[in-house]
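Computed from the coordinates by the stated procedures, all read-outs in this text should not be read as laboratory data. Remember, predicted model here, so these are calculated numbers, not experimental data. Don't worry about glycine lacking a Cβ; one is built from the backbone with ideal geometry, like all the others, and counts go over all protein chains shown.
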Amino acid sequence: MLAIPFFIIQVGLIVYAMVDLVRRKKVRGGNKIVWGIVILFVNLLGPIIYLIFRGDDE
């Protein structure tokens, strides 16, 4: 039963991070494709890592 809330949180973070990635002109490290792969395939930590290291707001 605990898996459902974690799944919802994970999907929400992935969607939020991917939308943010697509809307940004620049990201730290300069490669949006690599960040997209990290967000999608590093489970719960991928979106969190991206949101921490994404760079300055534009």
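The residue pairs whose first member lies in region 3-27 and is under 14 Å from residue 43 (Cα atoms), whose second member is assigned to a helix (DSSP H, G or I) and hydroxyl-bearing (Ser, Thr, Tyr), and whose beta carbons are closer than 6 Å, counting only pairs six or more residues apart or on different chains, are 17/50. Evaluate the following for residue 39: is it of a type outside the set (Lys, Arg) and in contact with a Gly (Cβ under 7 Å, 6 or more places away or on another chain)? Criteria met by residue 39.
For region 5-26, filtered to residues that are surrounded by fewer than 11 Cβ atoms within 10 Å (Cβ to Cβ) and aliphatic (A, V, I, L, M), the residue that is farthest from residue 52 (Cα to Cα) is 8.
The set of residues in region 29-42 being assigned to a loop (DSSP other than H, G, I, E, B) and surrounded by 12 or more Cβ atoms within 10 Å (Cβ to Cβ) consists of 29, 42.
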